[in-house]
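Since the structure comes first, as structure tokens, the remarks are kept for the end.
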Amino acid sequence: MEPVYLTRLASQHNDWLAVRQATIAQNVANSDTPGYAARDIESFSVVFSDTRLAMTATHGAHMGSAAEIPDPAEVKKADTWQVSHSGNSVSLEQELMKAGEVARDHALTTSVVKSFHRMYLASLKG
């Protein structure tokens, strides 16, 4: 099996969070635009579960398969709480909740990377 690279996974998660934050900011910026439909991106857990990890045959009896990595930055129409008379479907409360989720997820990812960095340094010091 291909090794799991924690720093690469954390970097991809932070990239996904940046795209989601930009999408949320775009929704907030267009909250008064008539006919604007709120957008969101596919959740990282869905993108990650759809990713197939490549298996490597290290022995003649092992089986291998190819990997396909989907693009996580696919923007879709968001589920919204309300639609105004002008056709705008942005709910500022919902967008602020999403922004809070992004901030919390970013802090968690950063904490995990920081913990593993300390572990790497401790193992190098002997």
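Bear in mind that the values in this text are calculations on the coordinates, not laboratory data. What you see is a predicted model, and the numbers here were worked out from it, not measured in a lab. With ideal geometry, Cβ positions are generated from the backbone for all residues, glycine too; neighbour counts draw on all protein chains shown.
Taking amide H positions as modeled 1.01 Å from N, with prolines and chain starts lacking one, the residues under 5 Å from ILE41 and 5 or more places away or on another chain are LYS76.
Each residue of region 15-32 was assigned a 3J(HN,Hα) from its phi angle through the Karplus expression (A = 6.51, B = -1.76, C = 1.60, θ = phi - 60°), giving 4, 4, 4, 5, 5, 5, 5, 5, 5, 5, 4, 5, 5, 5, 5, 9, 5, 10 Hz with x at Gly and Pro.
With a cut-off of 14 Å between beta carbons, the residues surrounding ALA103 carry a summed charge of 0, where Lys and Arg count +1 and Asp and Glu -1.
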